[in-house]
Amino acid sequence: LLLEHFEKLQPFCPVCNTGEPAPLRIASRQTEAGGHLIHGVLHCSRPDCMHEFPVIDGVPVVLAGARDYVRENLLAMVMRADLSSDIESLLGDCAGASSVFEATRQQQSAYGYGHYGYAKDAGCNKASVYTILEVCLELAGGITGPVLEIGCGAGGVAQRLAATVQQPVVAMDLNFSLLQIATSAARNNRVTFPRRRIGLVYDRMEIELPPQQRNASFWLGDAVAAPWAEGMFQTIVALNVLDSTPSPLQLLQSAGRLLAPGGKLLLSCPFDWSPRATPVDQWLGGHSQRGPHGGDSAAILHETLGNWQAQQPADALQIIAARDDVPWRMYVHERSHVEYRTHCLALRRPGG
Ligand SMILES: C[S@@+](CC[C@H](N)C(=O)[O-])C[C@H]1O[C@@H](n2cnc3c(N)ncnc32)[C@H](O)[C@@H]1O
Ligand SMILES: [Zn+2]
């Protein structure tokens with residue numbers, strides 16, 4: 001938790017969401033280093049609420065359901081990064097292919113390598129998430145801060161955005177083990193994560209990074225109930241999130257509220273729908289191929305945005321520009337990559 005951002009941006013309690021927002025306070029500072037709170041507790045400033053939110057490994061858990069989150073994600077939150085590859089491999093073999101341990105390692109491998117592999121392996125630059133970011137920035141025709149990144153994963157894009165705008169970049173995600181990588185990069189200019197070789201075989205990667213931006217901070221929180229004031233951000237970026245979230249339309253509406261009038265929203269999506277992330281009735285397309293758009297997600301997203309504009313011209317997000325078929329290559333293991341074709345969009349909130 002970057003303390004400068006905590007003071008400047010004044011997150012509020014996500015539990016008392018009626019009436020005046022109640023700012024969070026730092027209740028206890030257990031470990032601090034270089035302007036970051038590493039371990040500590042935040043709490044609500046309202047005496048009749050006083051809900052507590054842990055800060056662990058520099059990651060503040062600012063969620064209304066913080067207790068449920070901790071209960072359901074305890075393994076990821078206490079998983080260690082200091083074990084040798086041999087011991088980690090033995091634990092992985094015991095836990096097996098369908099364990100939470102394995103799912104966590106696979107995510108750290110894909111996003112750790114996708115976001116920071118560039119510092120070790122030039123091949124990573126091809127069709128990476130940074131390619132998508134470049135396309136979105138071009139479509140938007142320039143951006144300013146403060147910036148909110150929704151679904152930042154391992155945090156590399158937030159670092160690029162921070163370098164682009166030289167203003168605060170607030171990055172949120174719901175995945176603790178990816179945010180651990182993000183905060184480690186931001187604080188220590190190095191990351192360590194398990195990279196999958198094949199099957200259950202992983203190598204622990206340690207990557208030294210060029211100096212990272214000091215104006216990006218990382219928060220574990222739900223963008224649909226974000227602890228930030230409405231209209232606070234000039235730019236919101238959500239790359240490859242719409243098909244990884246329970247309600248894509250709610251996410252878009254929340255992003256619209258958090259944007260300042262005249263602010264811009266940069267989106268990309270491979271529309272790789274899965275019922276594990278999004279219930280089928282919330283998918284934008286990907287079903288009902290007998291309908292007018294044949295189940296085409298990009299067409300349905302554009303139509304939905306058009307309908308919102310027709311209903312609320314003063315408030316709804318307007319399309320600035322869009323590009324289809326932007327490639328995004330994800331590492332799976334040494335013998336496998338997945339290449340998506342993403343749809344990229346830049347939108348603008350009216351006014352300003
Ligand atoms: C497919 S990953 C993309 C990560 C990164 N943007 C990239 O492109 O490399 C989607 C991420 O969105 C996050 N996410 C989904 N719904 C969210 C929400 N409501 N609030 C914050 N993060 C969310 C997930 O935890 C996941 O890490
Ligand atoms: Zn509260």
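Here are the numbers:
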| read-out | value |
| --- | --- |
| Region 112-198: proportion of alpha-carbon pairs further apart than 17 angstrom, % | 50 percent |
| Of all accessible heavy-atom area on the chain, the percent that carbon and sulfur account for (1.4 Å) | 50 percent |
| Rounded to the nearest 10 Å², the accessible area of residue 120 at probe 1.4 Å | 120 Å² |
| In sequence order, calculated HN-Hα J values of region 127-134 (Karplus, 6.51, -1.76, 1.60; Hz; x Gly/Pro) | 6, 8, 5, 6, 5, 4, 4, 4 |
| Computed helical MRE - 222 nm, the chain, DSSP H runs ≥ 4 contributing -39500 (n - 2.57), nearest 500 | -9000 deg cm²/dmol |
| Surface per residue (accessible, 1.4 Å probe) for the chain, Å² | 44 Å² |
| Set of lysines near residue 8 by C-alpha distance (under 30 Å), chain-local residues within fewer than 8 positions excluded | 264 |
| Rounded to whole Hz, the Karplus (6.51, -1.76, 1.60) HN-Hα couplings of region 305-317, x for glycine and proline | 5, x, 5, 4, 5, 5, 7, 9, x, 7, 10, 6, 5 |
| Region 4-47: radius of gyration over Cα atoms, expressed as a fraction of 2.2 N^0.38 Å | 1.24 |
| Among 263-275, 220-232, the order from most to least packed when residues are scored by Cβ within 10 Å on average | 263-275, 220-232 |
| Listed peptides 249-258, 88-97 by packing density, highest first (mean Cβ within 10 Å) | 249-258, 88-97 |
| Whole-number D in µm²/s for the chain (Stokes-Einstein; Kirkwood sum over Cα pairs; 10 °C, 1.306 mPa s) | 76 µm²/s |
| Three-way shape call for region 1-140 based on the alpha-carbon gyration tensor, with the a/c threshold at 1.5 | oblate |
| Computed P(r) (all Cα pairs; region 234-352; 10 Å bins; percent) | 13, 42, 34, 9, 2, 0 |
| Ranked by how many other beta carbons lie within 10 Å on average, peptides 109-118, 328-337, 145-154 from highest | 145-154, 109-118, 328-337 |
| Where only C-alpha atoms are counted, convex hull volume of region 150-267 per residue in Å³ | 113 Å³ |
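The values are calculated or read from the model by the stated rules, or taken from the named source; none is laboratory data. Please read these numbers as outputs of a predicted model, since none were measured by experiment. In this analysis, Cβ positions are derived from the backbone assuming ideal geometry, glycine residues included, and neighbour counts consider all displayed protein chains. We work out accessible area using only protein heavy atoms, side chains counted, and drop any ligands, DNA or RNA first. Shrake-Rupley method; radii C 1.70, N 1.55, O 1.52, S 1.80 Å.
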